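This report refers to the structure that appears directly beneath it.
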Amino acid sequence: MVQTPTQLETETLLLEYPKTLKLYVTQEQFAVLAASNRELRLERTAGGELIVNPPTGWETGKQNWSISGELYLWWRNSGEPGEAFESSTGFTLPNSAIRSPDASWVSQERWDALTLEQTGTFANICPDFVVELRSVSDTLKSLQEKMQEYMENGAVLGWLIDPKKRKVEVYRLGSEVEILSNPTELLGEEVLPGFVLNMRRVWG
């Protein structure tokens, strides 16, 4: 289990680098960076590349709040099955990438099977259910690749929500991606029985 230092000796510097330059970190280095930069959403690819995601704008933040809020209400009213998480939670996937879905859920059976070490700072598991909400700065291709990564590492159901185009890509294990145009609701299907996301709260 990676232990993050309680006190870090840091020096604030302004760093600008071109998009063509890639920075690579180990999982241990990533943990230290994440602890030192809590205002940023950091991710790490399977190859070790550091991904820096700046804070979201108010509109994306509001939309994400609606999604996480609805997931929480379903979880609470359903007897708190499994474990539900919001956008600041990072997971270490089986391929060693560290990813932070905008909303996610892990079944109780899979969560309970983790050892104490595996439930460290960034739990060693890919959620059963993941949501990615496209913001203005996100490219569709990068999010589609991310969704495929989730599915290849243990996810069963995933939603890629694009508010600008009012489209949703539904990812299911072992199935082709389904594209929905301006849906009024999304269903949790067999993964999240009874969960219904009212898309009017997301579209605004």
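Side notes on the structure shown:
- The chain, relative contact order in percent, only Cα pairs under 8 angstrom and at least six apart counted: 15 percent
- Across the range 38-114, C-alpha contacts under 8 Å between residues 6 or more apart give a mean separation that, scaled by the residue count, equals a relative contact order of 31 percent.
- Residue-span extension gain [Gln148 to Trp65] - 0.36 nm each, minus C-alpha spacing: 27.5 nm
- DSSP-defined antiparallel bridges as percent of all bridges, the chain, nearest 5: 80 percent
- Each label point was placed 7 Å from the Cα along the Cα-to-Cβ direction; for Arg110 and Thr26 their separation is 2.9 nm.
- Partners of Lys141 within straight-line reach, counting aspartates and glutamates whose Cα lies under 19 Å from its Cα and excluding those fewer than 8 residues away in the same chain: Glu43, Glu49, Asp102, Glu132, Glu149, Glu152, Asp162, Glu169, Glu176, Glu178.
- Taking all protein chains together and rolling a 1.4 Å probe, Asp138 ends up with roughly 40 Å² accessible.
- Anisotropy class of the range 74-147 from Cα gyration tensor, a/c 1.5 cut: oblate
- Sites matching GluC sites (Glu not before Pro) across the range 20-85 that sit in DSSP coil, with at most 12 neighbouring C-beta atoms within 10 Å: Glu39
- Coil-residue GluC sites (Glu not before Pro) of the range 84-139, DSSP, other Cβ within 10 Å capped at 12: Glu117
The values are calculated or read from the model by the stated rules, or taken from the named source; none is laboratory data. Worth saying up front: this structure is predicted, and the values here are computed from it rather than measured. All Cβ positions, even for glycine, are placed from backbone atoms using ideal geometry, and neighbour counts span all protein chains on display. Only protein heavy atoms, including side chains, enter the accessible area calculation; ligands, DNA and RNA are left aside. Shrake-Rupley method; radii C 1.70, N 1.55, O 1.52, S 1.80 Å.
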